[in-house]
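Student: I am attaching a structure below and will ask some questions about it afterwards.
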Amino acid sequence: MIVKPVANYGAGILPHRAPDLVAMLDGGEQMATRANITDLKNRMLASGDNVEIRFTESLVDGLYTRTVFIPKGATVVGKIHRKPCVNIVASGDISIMTESGALRVQAGYTVTSPAGIQKVGYAHEDTIFINVFRTEETDIALIEADLIAESFEALEHTKEAVWLGLQQQ
């Protein structure tokens, strides 16, 4: 089993109020919400007010997990996942917003998210959030490259390449 602490997850965090977050990101349609999430991420990065988020990664028998500690009062913009994953709120209380809508969940909540989703979260309490992916890769750097799209445009380009048979599965 590989366990490796990493310095950053997603774009970072910035204090924010959850109700404002929903109003700010709710574009009413998929593309508008995606654009709003990207704008939020860019503003957070430009603010210089971000702090590092602690997380660990593990890999065992083709299952890759990323366990993230999100401090109370933090807003997190996650990475865009190329593949579906299982999401587990191991502890805490967090509001989660995606292009599909928003919900507030607490410890014990488990859900599967499809490929192409980027999540924004606001931690009402210190929260431990876990993503679980299936992978054939065994190197953490290759796993990251396989699972993460840097932008929605990169994600769409990958989908087109796969559809055209330009990329091996």
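Since every read-out is calculated from the coordinates, none of them should be taken as a lab result. All values derive from a computational prediction rather than experimental measurement. A quick note on method: Cβ atoms are made from the backbone with ideal geometry, for glycine too, and the neighbour counts reach across all protein chains shown.
Student: Give me the number: length gained by fully extending R54 to L142, i.e. 0.36 nm times residue separation minus the C-alpha to C-alpha distance, one decimal in nm.
Tutor: 29.6 nm is the gain from fully extending R54 to L142.
Student: Once you put a point 7 Å from the Cα of S151 and another 7 Å from the Cα of A46, both along the Cβ direction, what distance in nm separates them?
Tutor: 1.5 nm
Student: Now, a different point. Among E136, E144, E99, E57, what is the fewest-to-most ranking by other Cβ atoms within 10 Å?
Tutor: E136, E144, E57, E99
Student: Now, a different point. Tell me, what HN-Hα J-couplings in whole Hz come from the Karplus equation 6.51 cos²θ - 1.76 cosθ + 1.60 at θ = phi - 60° for each residue of region 85-92, using x for Gly and Pro?
Tutor: 8, 9, 10, 10, 8, 6, 7, x
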